[in-house]
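Asks: The structure under discussion is supplied below as structure tokens; questions concerning it will follow.
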Amino acid sequence: MKPRVGVYLSEQMATRLAEAAKRRGATKSALVEAALDLFLGSEEDLGDPATVARRLTGLSHQLEQLDRNLRIANETAALHARFHLAVTPLLPPATQGAACALGAERFEEFAAQVGRRVDLGVPLIRETIDRVSAARADALGPDPADGDPSGTGSTAYQPGVGASTLVHDASANIAAVREDGSNGGFRGRTGSALH
């Protein structure tokens with residue numbers, strides 16, 4: 001059994017610790033122990049080649065994951081830019097000023113959302129994938145492991161069942177939608193406000 005140690009933290013540090021402990025696989029005890037290990041120095045001998053190799057392997061895996069995530073982000077941005085440039089018609093000169101003002105307002109909202117998501121530590125893509133997977137599982141019926149007698153309840157790709165049919169299929173442009181679901185009164189091509 002591990003010994004129990006009581007410590008006093010500032011309100012700010014206690015809040016930060018509680019927020020960090022909300023992440024998957026993290027506990028307050030593990031976070032404090034890791035911080036103390038870094039502060040006091042590890043018991044492992046840094047001169048030991050096996051320890052150095054193990055740490056380098058861990059760093060290599062972390063760098064590979066960062067590289068993969070960066071490639072995903074780059075491809076996402078490139079595909080979005082290509083799509084946006086392909087489908088956006090030129091605006092008449094009389095409406096360009098208002099469009100630029102709306103664009104600046106949307107960019108501020110976008111930057112605020114990015115800041116909130118980075119602070120929360122929950123990537124939108126992970127949240128979206130989880131939501132689509134759950135919706136697809138609901139649309140396809142119960143999971144066979146949960147007692148589905150037909151054995152057909154699968155979340156695998158099914159022709160004719162797309163994510164857009166499972167997650168609020170909206171035919172309107174929703175690029176400017178805020179996290180609360182509003183769009184700041186943006187009006188689509190039909191002139192009606194999008195929701």
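Read-outs throughout are calculated quantities, based only on the coordinates presented, and are distinct from any laboratory measurement. Computed from a prediction, not measured in an experiment: that's the story for all the values here. As a convention, Cβ positions derive from the backbone with ideal geometry for all residues, glycine included, and neighbour counts pool all protein chains shown.
Asks: Quick one: putting +1 on the C-beta of Lys and Arg, -1 on the C-beta of Asp and Glu, what dipole do you get for segment 38-109 around its Cα centre, in Debye to the nearest 20?
Replies: 440 debye
Asks: Here is a follow-up. Could you tell me which chymotrypsin sites (Phe, Trp or Tyr not before Pro) in segment 1-98 are loop residues by DSSP with no more than 13 other beta carbons within 10 angstrom of their beta carbon? Present the calculation step by step, with values, prior to reporting the outcome.
Replies: Working: sites: Tyr8, Phe39, Phe83; in loops: Tyr8.
Answer by residue number: Tyr8.
Asks: Dividing the convex hull volume of the alpha carbon atoms of segment 79-125 by its residue count, what do you get in Å³ per residue?
Replies: Considering the Cα atoms of segment 79-125, their hull volume per residue is 71 Å³.
Asks: Per residue, how much space in cubic angstrom lies within the convex hull of the C-alpha atoms of segment 1-119?
Replies: 182 Å³
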